[in-house]
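Down below is the structure, laid out as structure tokens.
The values are calculated or read from the model by the stated rules, or taken from the named source; none is laboratory data. The structure presented is a predicted model; accordingly, all values stated were derived computationally and were not measured. Neighbour counts are summed over all protein chains in view; Cβ atoms, including those assigned to glycine, are modelled from backbone coordinates with ideal geometry. For the accessible areas, the whole protein counts, side chains as well, though only heavy atoms, and no ligand, DNA or RNA atoms are used. Shrake-Rupley method; radii C 1.70, N 1.55, O 1.52, S 1.80 Å.
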Amino acid sequence: MSDSWHDVNRQVIDEFRANDGVVGGRFANMPMVLVTHTGAKSGVRRTSPLVCTRDGDDVVIIASKGGAPSNPDWYHNMVAHPTVTVELPGGDTFEAAVHQAEGDERDRLFAAQAAVMPFFADYQAGTERKIPVLVLSRIAS
């Protein structure tokens, strides 16, 4: 990721935390979550601001990377280290287990998010890869 994307992410993270999960700009009025994950190779903890949907108590995120031909770095990190920290609007922070949705579950969750945010369908149409869907489930404390 370029330094400019790091700067944009840092601004979104700061705005999310300062405003109980409300952000403006390109993410205004979109459901957001912050996910802190461990680097697959580096072991460094990083936080990514991501749009999401909910499936019951689970948080659902889509590894679209804007329809790019490759998956985002955070996806690889979460697959390699499937325990993350989730920050929801309003200050609810918890550890979560990550699993990749497959088959009918993947298709149902992808369609649900694309129904709310149609650009995800456009991203899928613009790439040959099947865009992964990850489910973050709260780990009981």
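Quick notes on this one:
- When the surface is traced with a 1.4 Å probe over the full set of protein chains, R108 keeps roughly 120 Å² accessible.
- Here is the tail figure for the range 3-46: Cα pairs spaced more than 16 Å apart come to 44 percent of all pairs.
- Most fluctuating residue given options G126, G39, G103, as computed from a GNM of the chain linking Cα atoms under 10 Å: G103
- Value at 222 nm in deg cm²/dmol, rounded to 500, when DSSP H runs of n ≥ 4 in the chain each add -39,500 (n - 2.57): -9500 deg cm²/dmol
- Two-decimal Rg/Rh across the chain, once Rg and the Kirkwood Rh are taken from alpha-carbon atoms: 0.93
- Accessible area per residue was computed with a 1.4 Å probe on protein heavy atoms; R17 scores about 120 Å².
- Charge-dipole axis of the range 28-89 as Lys and Arg at +1 and Asp and Glu at -1 on Cβ define it, positive-most pick from L34, V60, H76: H76
- Accessible area (Å², 1.4 Å probe, nearest 10) - W5: 110
- Most fluctuating residue given options V60, V116, V98, as computed from a GNM of the chain linking Cα atoms under 10 Å: V116
- Nonpolar atom fraction for the range 24-89, defined as the carbon and sulfur part of the 1.4 Å probe accessible area, stands at 51 percent.
- Relative contact order (percent, whole number), the chain, Cα cutoff 8 Å, 6+ residue spacing: 25
- The accessible-area ordering, largest first, of the residues F119, F94 stands as F119, F94, per a 1.4 angstrom probe.
- Spin-label pair T83-I139: with each label point 7 Å from Cα along the Cα-Cβ axis, the two points sit 0.3 nm from one another.
- The range 33-93, relative contact order in percent, only Cα pairs under 8 angstrom and at least six apart counted: 41
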